[in-house]
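These notes concern the structure reproduced below.
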Amino acid sequence: MRVTDAALFDRSQRGLSLVRSSYMAAQQRAMTGKRVNAPSDDPLAASLSRRVQARLARFEAHGRAIDAGDRRLQATDAALSQVGAVMDRIRQIAIQFANDTYGADERAMAAAEVVELKAALVSLGNTEVGGQHLFAGYRDAAAPFDAAGAYSGDGAEPELDVAPGLRVKVGVSGAQAFGVGAGVNLFATFDVLSAALFANDGASVRATIDSIATGVEQVADVRGTAGVRMQALAAARSAVERLSEQSRATQASLVEIDAVEAFSDLARAEHALTAAVQVASMLPPPGLAGGSTR
Amino acid sequence: MADAHDEVIQELSGLLERERAAAVAADVATLESLVEPKRRLVCALVDGGAAGSAVDDLVRQSRANLELMRNLVGCLRSLARPVEGEPTYGRRGHLADVPAAQTLARI
Amino acid sequence: MAVSSLLGVGRTGLVTHTLGSGMASHGASNVATPGFSRRALELAGIAPPPRHGGGVQALGIRRVIDPFVERRLLGARADAGFATRRAMALGTLDRVLSDDAGLGAALDAFETAVADLAAYPGDRAARTQMLARAEGLATAFRSAATEIRLGVEEADQRIEMEVREVSGALEEIARLGEEIAKSEVRGEEASDLRDHRDELVRQVADRVPVTVVTHPDGRMSLLLKGGLPLVSPDGASPLQTVRDPVTGRVRIERVTAGAAQDVTNSVTSGSIGGLLAARDGALADARADLDQLAFDVASAYNAVHAAGFGLDGVAGRDLFAPPAAAAGAAEAMAVSAAVAGNPDAIGASLDPLALPGDNRNALALAALADAPIAGGATRTVQGALADLLAEAGSAIRAATEGAGRADAVLAQTQALRDSVSGVSLDEQMLDLMQYQRAYQASLRVIEVADQMLEDLLALKR
C-alpha cells in the first residue's frame, strides 16, 4: 500500500489525540480518587453506587435517630430512677407512720415531707431534655404536670425509625408511669397520705401502703420498659454500624480506586503521552518539508 | 552499388518508421537506442553518395520525426520544470489563479 | 517552430507545450490539499487520418481515483460524523449526571432531613433544615433539567449552522458541475475542479447521508438518503431549518422550486443525523425521566404532607409546588409557597392537639424514601434515579464506543483512499527526475537527428 505524507501525518495525529485523552482520564481519576466520575465510565457501577450512597445516608439518619432516642431514654431512666427513690421514701414513711405509736406532731412533720416529696415528684414528672418534656407524650413543649399533679400531656410514646424496617418507641408514657388515667395515680396517693398524716389518721395511713406498693411496681415496670427500649436501640446501633461498614466497603470497590494505583496509572499515561508527542513532532505536516508554499 | 544503397535506404526507412512510432509513444528509451544505428546508416549512405527520390522520402520522414520529437521535448520540459505553486483549492474555495490548469488543445 | 502543413501533422491532436507548471510540481504543491488526487500522464495514440502519414499524439491527464473506494469513503465519513457528533452531544448528559455534582447528593440530603425531623419535630432548626434541603432538591432538579434543555438547544443551534454549511457546499457543487461540463466540452481538462467538487461532496457527506450519481457530461447529482436530490444537473436544492411550532425543535426542509419539504427523517447519518439522534434519543429520554421523577416526588410528598398539621395547627398544605403535568415538572420544581420561608408550616403531626412532639406524619414522610412512588409505582425514588443513571450512562458509553469504532473505520478507509489517490512527495520527486532525464535524453536525440537531416540534405545537392 502506498504511504502518502498526508496519511502518515494523519495517523500520528490520530494516535496522539487518543493518547492525550487517556492521559486526561488518568489525571482525573488520580485527582478525584474515583474510577467512576460520570455514569458513562461504568453505568452499572454508577447505578449501584447511587443506591449504596442512598443507603449510607439513611444509615447515618438512623444513627442520629438512635442517638436522639438514647438520650431521651437515658434521661427517662434517670428520672424514673429518682422517682423510684421518691417512691421508696414514701413507702418508708407510710409504713413507719402507720404505726400509731407516732403522734400528731410527728405525723404532721411526716406529712410536710410528703408534701415536699410530691413537689419533687411533680418536678420529676416535668423533666425535660433539649426542650422536650419526657413524660408529656407528644405535647412535649410544655410541662405536663401542674403543682397539683393534674396531667396535661397525652401519654403518647413517640417512635423513631432506628434501623431498616425497625421503628421503636423512644419514650415512655408519663401517664402510665405516674398513673394518670389508669393505674395508681401517684400524686393522688401522695395527697391521700399527707392528708391522713395531717389528720393523724393511722388507719388511713395504713390504707395507702398497698397503693404505694403498686405505685412502686408501676414505676419499676415503666423503668423496665425504658431499659428494654434502650437495649433495642443498642442492638439497632450495632446492626446499623455493621450495615454501614458493609456499604462503605461496597462503595469503595465500585467507585473509589486505590490512590497508589491511580497515581501509577497517571505516571504510565504521562510517559505514553510524552513519547507520542516526541514521535509526532518528528513528522512535519505534509507540504512543509517539500518547501512548497501553502 | 545501387543495390547496396537500396538496402541501406530500406533499413534507414524502417528505422525512421520505428523512430516515428517511438516519438508518438513518447518512448525515449527506444529513441535513444536508435541513435547509433541511425548514425551508422546515414554515414553509410553519405559515403555511398546516394541520391534521388529515395533520399527525398528519407528527408521527409526525418523532418516529420523531428517535428514530433521537438513536440515531445517541449512536453517533457514542462513536466520536468519544478515550479513553486499554490494549492489549487482550499477553505475559501477554488483559487482564481490556477497555475496548474492544464489544457488539452486540439488544433 | 511553426507546424508545417507539408508534414501533415498540423490538423490532428497535438498537445501544445503550454502546459502550465509541471504535473509533478503541481502534485507537490497540493500534497496537503485535502482530497487532491495525484495525476497520471496518459498517452493515447490516435490513429492517423488516412491522407496524412504523420502520427498524432494525445497527452491526457487523468486523476488517479478508485470510484469504489470513494463511495466507501463517503459512507465512512457519514458514519463517523454521525457517531462523533452524537457522542459529543451526549457529553452534556454525562456531565449533568455525574453523581457528585447534584441530584443524588441533594436527594440524600433531603431524605435524611425528613428523617431527622421525626426525631425533633418541634425543633426550629430541624424544620429549617428540612425546608432548606427540600429547596436544595428542587434546585438540583431544576438545574439538571435546565442543563439538559440547554444541551438540546445547543444541538438545535448546531443543526442550524451545519445545514447552512451544507447548503453553501451544495451551491458550490452545482456551480463546479457547470464549470466542469463547460470545460470538458471545450476539450479542457478539469481534474482540479473535479477534485475540489469531490472534496465538497465529502464535506457534505460528513454532515448528511448522500450518494453520488455522475453524469456523462461531467455534472453530478447528489442524492439524500431516500433518493431526494440535493444537487441535480439543473442545480442545487438547498436545505433550510425551521422550528416545529409545537415542540420548538429544529426540523430540516429541502427547498425545490420554491416549495419546502420536510426531510428530517431522512437525515439518519452524518453529523446532523448524530445531533438529531442525540437530541431526540438519550437527551429526550433523560429529560422525560427527570420530569417524571420530579412529578412523582412532588406528588407523593405532597399527598402525605397534606395530612400533616404544622405547628400552627393547620393542615392541607403542599410541600412542593404541585406540578401541572409530568412534562416540564423538573424545571418547574420548587418548594410550595405555603411552606417556603415558613418552617412552622411543615406538617409533621397528625393531630393538631398533639403538637409539637407528634412526629407521626414526619415518619410517614420519611417512609416515602423506601416506598415505590416512582416509575409508575414500581421503584423508590433513589432506585429510579439509579436506573436513570444506568440508562443514560449506557447510552453515552455506547455512543462513545460507536464513535471510536466509526473513527477507526474512517481512518482505515481514508488510508486506503490515500494509498490510491494521495500524493507522495517521494513519488513526485521520482516522477520529476524521470521527466528530467527523459527531457535531457530527447534533447540529445534531437541533436543527432538534426545533424543526420543535415547530412541527408547535403546528399541531395
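The values are calculated or read from the model by the stated rules, or taken from the named source; none is laboratory data. On a predicted model such as this, the values are computed, not experimentally measured, just so you know. Glycine gets a Cβ as well: all are built from the backbone with ideal geometry, and neighbour counts include every protein chain shown.
General remarks:
- Scan of the range A:113-147 for residues that are buried (at least 21 other Cβ atoms within 10 Å of the Cβ), within 13 Å of another protein chain (Cβ to nearest Cβ) and outside any strand (DSSP E or B), ordered by number: A:Leu134, A:Phe135, A:Ala136, A:Gly137, A:Tyr138, A:Arg139, A:Asp140, A:Pro144
- Selection from the range C:183-194 of residues that are more than 9 Å from chain B (Cβ to nearest Cβ) and under 21 Å from C:Pro229 (Cβ atoms): C:Arg194
- In the set C:Tyr439, C:Tyr435, only one residue is in contact with a Lys or Arg (Cβ under 7 Å, 6 or more places away or on another chain) and closer than 30 Å to B:Leu68 by Cβ; that residue is C:Tyr439.
- Candidates C:Asp450, C:Asp418, C:Asp431 - the one that is over 30 Å from C:Ala205 (Cα atoms) and within 14 Å of chain A (Cβ to nearest Cβ): C:Asp431
- Restricting attention to the range A:73-87, the residues that are of a type in the set (Gly, Ala, Ser) and crowded, with 19+ Cβ neighbours inside 10 Å total 1.
- Condition check for B:Arg60: closer than 17 Å to C:Arg444 by Cα and either out of contact with any His (no Cβ under 6 Å at 6 or more places or on another chain) or outside any helix (DSSP H, G or I) (or both): no
- Residue tally, condition farther than 15 Å from A:Leu134 by Cβ and more than 8 Å from chain C (Cβ to nearest Cβ), over the range A:148-163: 5
- Matching residues, the range C:346-362, being assigned to a helix (DSSP H, G or I) and either in contact with a Leu (Cβ under 8 Å, 6 or more places away or on another chain) or more than 29 Å from A:Ala136 (Cβ to Cβ) (or both): C:Arg360, C:Asn361, C:Ala362
- Residue among C:Glu184, C:Glu147 that is over 31 Å from the mean Cα position of the chain (by Cα), in a helix (DSSP H, G or I), at pLDDT below 95 and surrounded by fewer than 23 Cβ atoms within 10 Å (Cβ to Cβ): C:Glu184
- Options A:Leu44, A:Leu73, A:Leu18, A:Leu80; residue that is outside the structural domain of A:Val115 (by TED's automatic domain parsing) and either within 30 Å of C:Leu430 (Cβ to Cβ) or at pLDDT 85 or above (or both): A:Leu44
- C:Phe309 vs. criteria within 14 Å of another protein chain (Cβ to nearest Cβ) and either in contact with a strand residue (DSSP E or B) (Cβ under 6 Å, 6 or more places away or on another chain) or at pLDDT 95 or above (or both): yes
- Checking C:Arg397, C:Arg437, C:Arg417 one by one, the residue that is part of a helix (DSSP H, G or I), under 28 Å from C:Ala288 (Cβ atoms) and among the basic types (Lys, Arg) is C:Arg397 and no other.
- Only residues that are charged (D, E, K, R) and within 12 Å of chain A (Cβ to nearest Cβ) were counted across the range C:73-110, and they come to 5.
- Checked against the criterion of being over 30 Å from B:Ser33 (Cβ atoms) and in a helix (DSSP H, G or I), the range C:421-429 contains one or more residues that satisfy it.
- Some residue of the range B:48-62 being over 16 Å from C:Glu454 (Cα atoms), aliphatic (A, V, I, L, M), surrounded by 14 or more Cβ atoms within 10 Å (Cβ to Cβ) and within 9 Å of chain C (Cβ to nearest Cβ): no
- Residues within the range C:195-217 that are more than 29 Å from C:Asn265 (Cβ to Cβ) and either buried (at least 24 other Cβ atoms within 10 Å of the Cβ) or within 14 Å of chain B (Cβ to nearest Cβ) (or both), tallied: 2
This table checks each residue for (1) in contact with an Asp or Glu (Cβ under 7 Å, 6 or more places away or on another chain); (2) more than 20 Å from A:Phe59 (Cα to Cα); (3) β-branched (Val, Ile, Thr).
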| site | (1), (2), (3) |
| --- | --- |
| C:Ala106 | no, no, no |
| C:Ala115 | yes, no, no |
| C:Ser143 | no, yes, no |
| C:Ile159 | no, yes, yes |
| C:Glu172 | no, yes, no |
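- Checked against (1) within 16 Å of the chain's Cα centre (by Cα); (2) at the interface with chain C (Cβ under 9 Å from one of its Cβ atoms); (3) not aliphatic (A, V, I, L, M), B:Ser33 meets all criteria but (2).
- Reported count of residues in the range C:370-382, each being out of contact with any helix residue (DSSP H, G or I) (no Cβ under 7 Å at 6 or more places or on another chain) and either closer than 17 Å to C:Ala303 by Cβ or in a helix (DSSP H, G or I) (or both), is 5.
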